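Laboratory data are not the source of any read-out in this text; all were calculated from the coordinates shown. What you are looking at is a predicted structure, and each value in this text was computed from that prediction instead of being measured. Please note: Cβ atoms are built from the backbone with ideal geometry, for glycine as well, and neighbour counts cover all protein chains shown.
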Amino acid sequence: MNAMKAQKISFLTVVALAGAISATSVAWAQNSDRNSATADASSDVLIRGAKVYTVSGRGTLDNADVLVHSGKITAVVESGAAGRQVPTGAKVVEAKGRPLTPGVFAGLTHIGIEEISAESSTVDASIDFKSPTWDQKWRPEFDVTLAYNARSTLVPVMRIEGLTWTVLAPGAGDSIIAGQGGAVAFDGMLEPGFRAVLDGSRSLFVKLGSETEKFTGGSRAAAYMLLDQAIGETRASGLVGQDALLHAAGRTALGRYLSGGRVVFEVERATDILDVLAFSERNHIKPVISGGSEGWLVAKELARAKVPVVLNALQDLPSDFDRLSSRLDNAARLQRAGVLIAFSSGENHKAYAVRQLAGNAVAHGLPWDAALAAITANPAEIFGLGAARGRIEKGQAADLVLWDGDPLEVTSAADQVWIDGRAIEMRSRQTELRDRYLRHAKVH
Amino acid sequence: MSKLTLVLMSAALTACATLPPAGQSSSTTAPAPAPHSAASASRDPFVSTYKTTPSPATLIRGATVLTGTGIRIDGGDVLIVNGHIEAVGKELRAPEGANVIDAAGRWVTPGIIDIHSHLGVYPSPGLKGLSDGNELTNPVTSNVWAEHSIWPQDPGFEMALEGGVTTLEILPGSGNLIGGRSVVVKNVHATTYQAMKFPGAQQGLKMACGENPKRVYGSKGQAPSTLMGNVAGYRQAFADAQDYKRQWEKYDRDLAEYQKKNAKEGAGSDSGDKKAPPSPPKRDLKLKTLADVLKGDIRVQMHCYRGDQMATMLDVADEFGFKIVAFHHAVEAYKVADLLASKGVCAAMWADWWGFKVEAYDGIQENIAIVDAPAGSCAMLHSDSEDGIQRLNQEAAKAMSRGARAGLDIPPERAIRWLTVNPAKALGLDDRIGALEAGKNADVVIWNRNPFSVYALADEVFIDGTVAFDRAHPPRKPPSDFLLGQPNAEELP
């Protein structure tokens, strides 16, 4: 409650500081049209003298330049090579040793399909037909990405925090089959939702465990009974018609996942994870475990089956009977066992907490590089985007973040973010609100 | 999000847990302090049984010390004797037999105080049978006390302790306009909540602005269903309390007069027509709580997101002559920072929560820094979360760095006040906790590094001078009975 020292820093100073951060970017930050962003030279940029975390076999380059052309990374070279020329028309950003990482994964979220959680008119994240369990139709053909609004106020809020992409995961509706989702980049491009989905990332989401046993008649065992029934219908050996679980479109949709398709199982309890592994093997499904609070107990089995886990590294309480063995070193133990891990906070409006998850995982035994990979390259790999995103490597999309400090530290922030080579404007509705009221605060 | 939503419905303050006056026994024959006098009715029937454990003197040496009062001492020492801070400074001498801790390279702060928690009343696991935070049967339930809902075996307490939390205020939820009384507890493991209860701490009254009460009751077709209905509800409740208070004041006056008269006549003694003593008004537990608020014995802690609603509530408080100590979840406090500072009202905030409902839509990450700026401000960080309470230091770090990027430079010695001395003030306990100063309770945290970092961990946590947590020597068995014997809960090799 003490009086604060007089703050003489003027608002102009702040603007000037911000300007110094991204003076070169402002000019080409205005255009939010995809065509011009991808093709023309305005997206050429040379980031010079950065500490580059490639999250690839090259590791960390203490002093390197990254060249971006037409939205792609075209070169990553150690600085100081004599006489290298700045390509004509390229904007030069002097990193001055600041860390440069791949764009950060926001996690499995509803960003762009949920504006204000408590206002159902602004939420499109799940379907619930309110049918009684015995009348239930499963709708694996439900594709939540069709609701994606790239102009959501959450998108700018997330990307100025260094988050450049997310996986839209349908929420729990009234069936354990939540529907399909997929990855989108926070480029803000106006286009139909389905086109925003990044190639190869589409996934089916299935929810199991204590939260959803109400959708299977009260017992989680019935989830497998019903899943087997649905698979039977899909393979044309089962029921068709009124008593069936699936419509024709549902059979087609589910069928696409039964020959090596990616299915994300939201599941926490160790024994449930083992059940998912067995079920997936039986049905030629490529599973991803989401949640996995007790994953460390079955780390060897997960590693052997090469099944990745998307987890919340802060989950440490016995929040329910599926998560009695939650531990802060879950991530470290899984990684040590050879499981591919990625982080997701389970938050929507606070999706930026994902960096905090990674930092805390480090504090509880996860190697720093592995933690950075768990919010960049690993999730890209898990969702089929590894060749295109998640690393600072020639040929990858230029989703880049220049930080003012340790990228996993809560006191650090993004100085500049690029998505597909385009420097995004470092503003959001929140910075507008801040600036409106900050002016006044500075008078004190 | 469902648990969060529940938790978001919260707010109440701790009531004055006044201990019975020392030496007063119930067998006294003194003339009738009538059992129903206002004074006796305000005595806390649920007495704190918290006891400090005797512990050796401890000298923490060579640390970066943040005192909680805005001072930073590099290479500083903290001396603990008999459960209290004996001295803070440099080159302190260890008393004979003292436990000396070399804290070079480490940081020392006061124990963290979370002014908004639902541990115990919304515990882990989140089972129906343990979900006791919101008495959603009437918009005004000032008769209920959060302490009666506490499950002391909530594993969340020990996780919060590992995060350096030594004192917390546990409040009812925010589904009601007036949710009930809160309680302040020491974060010690105990079989009963009374053994955690902070001796002598005032209780609070949890009140709630905004969406939650109008949603809960509006959806049942009851009042309130609008913001104006909310305000009508608070005002009627306090109008009733004023009347109740007047009835008791009248009774106290009549009783005093009667006793005086009786004593006089008792000397003469033979008058046969002795008048009967005045009969006390009926005790009403709802109105009693509110009357205690009007008397200043209970501190109002109010859940309120929007700045305009805070201004409305300050007017309501002025109308009835009570004080709102703090607005909690004050997502828009930055819009009324000057008003709050000029009125001496604290704001308890999150670092970066926003958007889960409309009243949280304007949340910004510079909120705390902006609220902290004016002279006389009282910014606080609160958790309202069994997860957030474990990392309040990290939340403060976020708020601090967001302030710095916006040009509001806040050094660690100032930011630590959000977690220590400011909540201590809002609880009325700043004479005992919240600072490393001679005479204060020795609630102390030794951090392995600068606590304003994602990598920081509490190495040792002291409560009243006793080591409550030691990372190097974690308990072999979990303190919570619930975790005991659960599969795999214990440390693996």
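Build a GNM of chain A with springs between Cα atoms under 10 Å: which of A:201, A:293, A:120 gets the top mean-square fluctuation? Looking only at A:201, A:293, A:120, the largest GNM fluctuation is found for A:120. Averaging 1/r over each pair of different alpha-carbon atoms in the range A:341-444 and inverting the result gives 15.5 Å, the Kirkwood hydrodynamic radius. Of all aspartates and glutamates in the structure, the ones whose alpha carbon falls short of 16 Å from that of residue B:323, not counting any fewer than 8 places away in one chain, are B:292, B:297, B:315. For the range A:356-383 and the range B:133-186, what is the centre-to-centre distance using only Cα atoms, to the nearest Å? If we compute the Cα centre of each part, the gap is 35 Å. By other beta-carbon atoms within 10 Å, ranking B:196, B:228, B:349, B:159 with the fewest at the front produces B:228, B:159, B:196, B:349. Normalised Debye scattering of the range B:140-212 at q = 0.11, 0.15, 0.17, 0.25 Å⁻¹ gives log10 I(q)/I(0) of -0.29, -0.52, -0.65, -1.10, counting only Cα atoms as equal scatterers and leaving out solvent.
Estimated from helical segments only, the mean residue ellipticity of chain A at 222 nm is -7500 deg cm²/dmol, where each DSSP H run of four or more residues counts as -39500 (n - 2.57).
Compared with the rule-of-thumb size 2.2 N^0.38 Å for a compact globular protein, the protein assembly as shown has a Cα radius of gyration ratio of 1.01. Principal axis extents of the C-alpha atoms in chain B (largest first, rounded to whole Å): 82, 57, 51. Between A:110, A:69, A:284, the GNM of chain A built on Cα springs shorter than 10 angstrom shows A:284 fluctuating the most. When only Cα pairs below 8 angstrom with a gap of at least 6 residues are kept, the range A:105-389 shows a relative contact order of 16 percent.
Can you give the % of DSSP beta bridges in chain A that are antiparallel, to the nearest 5? DSSP beta bridges in chain A are roughly 55 percent antiparallel. Counted over the protein assembly as shown, the DSSP beta bridges are approximately 55% antiparallel. Of all beta bridges that DSSP places with both ends in chain B, some 55 percent have antiparallel geometry.
Quick check: the distance between the Cα centres of the range A:41-79 and the range A:403-444, to the nearest angstrom? What the calculation gives is 22 Å, centre to centre. Only alpha carbons enter this Debye calculation for the range A:105-389, each as an equal point scatterer, and the log10 of I(q)/I(0) it gives at q = 0.10, 0.14 Å⁻¹ is -0.49, -1.00. Angle check, please: helix B:227-268 long axis (alpha carbons) against the longest principal axis of chain B (alpha carbons), in degrees 0 to 90, nearest 10. Orientation of helix B:227-268: about 60 degrees from the principal axis. Among the listed pairs A:350/B:335; B:261/B:295; B:206/B:440; A:350/B:343; A:130/A:214, those whose Cα-Cα separation exceeds 23 Å are B:261/B:295; B:206/B:440; A:350/B:343. Per residue of peptide A:352-360, the mean number of Cβ atoms on other chains within 10 Å of the residue Cβ is 3.
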